[in-house]
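Asks: The structure follows.
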Amino acid sequence: MRIGILGGTFNPIHYGHLRSAEEVRKALKLDEIRFIPSALPPHKPKDEVASAADRLEMVRIALEGYSSYVCDPVEVERGGPTYTLDTLKELARTTSDEDEMFFIIGADAFLELSTWYEPKQVLNAVSFAVTLRGNQNTAEYIEAILKVIREIEPGSCFDEFLREIKFADNERVIKFIPITEVDISATRIRQCIRASSSIRHLLPREVELFIIRRQLYRYSGIAH
Ligand code: ATP
């Protein structure tokens, strides 16, 4: 199986996540994408983050009816801070050696790789699908990423034809996938809710109804 891993805060999940997952699934011919909500999102004020249980439930609701999308509670169940390396080790237990995994990540987040816990081990553990949105799809952006990777793995090189970074002594790859720019973020959705403006068509209707029911993000009535 070819499996995509899509981690995130999903606070809440929205159509930006779902559309990019779909485009990566098609581009890499993935059989399955696992959406993995984080337990404790770093760098985010506590009162802005819905509980892990609610975020997990919203992902479950959003993925209902899509056979190739799976909600994976691995990080929420483990609790505590999220280290990608720990998650990958845990996923290795629920996948077979023949499975090929791609960690899906936005180019801006991937540029921060050197600040992650054990970046070299992470690079050696999994292939990456790096999404390029709108003005990120440029040679300069790829060059900036290559620079970050070379500091960690000096032997890596960019294959222009395949649009992927290869490593000298490792079969893993970093694939670049241009995707449609969908101007939706969880931040914007939370702002709309606080301002009592409509969030319709930014996320699945069932997730919107869950937010209303649970009164998440200081909900006090959404315009329709
Ligand atoms: P926030 O606004 O709270 O920071 P977010 O909307 O960026 O949240 P995350 O849960 O932090 O959502 O993102 C998880 C993953 O989804 C990241 O890799 C991020 O790059 C990607 N992502 C988020 N929004 C979009 C979007 N509109 N289009 C494509 N990818 C997205």
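Taken together, the values in this text are just the output of simple stated rules run on the coordinates, not laboratory data. As the structure is a prediction and not an experimental result, all values here were calculated from the model. A quick note on method: Cβ atoms are made from the backbone with ideal geometry, for glycine too, and the neighbour counts reach across all protein chains shown.
Asks: Working from Cα positions, state the angle (0 to 90°, nearest 10) between the long axis of helix 205-214 and the longest principal axis of the chain.
Replies: 60 degrees
Asks: Additional query: Can you tell me which of SER96, SER127, SER20 moves the most in a GNM of the chain? Springs connect C-alpha atoms under 10 Å apart.
Replies: Ranking SER96, SER127, SER20 by mean-square fluctuation puts SER96 first.
Asks: Would you mind estimating how fast segment 2-182 diffuses translationally, via Stokes-Einstein at 25 °C and 0.890 mPa s with the Kirkwood radius over Cα pairs, in µm²/s?
Replies: Estimated via Stokes-Einstein, D reaches 146 µm²/s.
Asks: Would you list THR131, THR95, THR115, THR82 from fewest to most Cβ contacts within 10 Å?
Replies: With the sparsest Cβ surroundings first, the list reads THR115, THR95, THR82, THR131.
Asks: Let me ask something else. So how much slack lies between GLU77 and ASN137, counting 0.36 nm per residue of separation and subtracting their Cα-Cα distance, in nm?
Replies: Working: separation 60, 0.36 × 60 = 21.60 nm, distance 3.57 nm.
Stretched out fully, the GLU77 to ASN137 stretch lengthens by 18.0 nm.
Asks: Of ILE212, ILE142, ILE165, which has the largest mean-square fluctuation in a 10 Å C-alpha GNM of the chain?
Replies: With Cα springs under 10 Å in the chain, the top fluctuation among ILE212, ILE142, ILE165 is at ILE212.
Asks: To make sure I understand the rule: partners must be aspartates and glutamates, Cα under 18 Å from the Cα of LYS29, and not fewer than 8 residues away in the same chain. Which ones qualify?
Replies: Straight-line reach from LYS29, under 18 Å: GLU98, ASP99, GLU100, GLU164.
Asks: Hey, what number do you get for the chain at 222 nm if only DSSP H runs of n ≥ 4 count, each worth -39500 (n - 2.57), divided across all residues, to the nearest 500?
Replies: For the chain, the value works out to -11000 deg cm²/dmol.
Asks: Continuing with this model, one more query. Quick one: among GLU160, GLU48, GLU57, which has the greatest mean-square fluctuation in a GNM of the chain with alpha-carbon springs under 10 angstrom?
Replies: Of the options given, GLU160 has the highest mean-square fluctuation.
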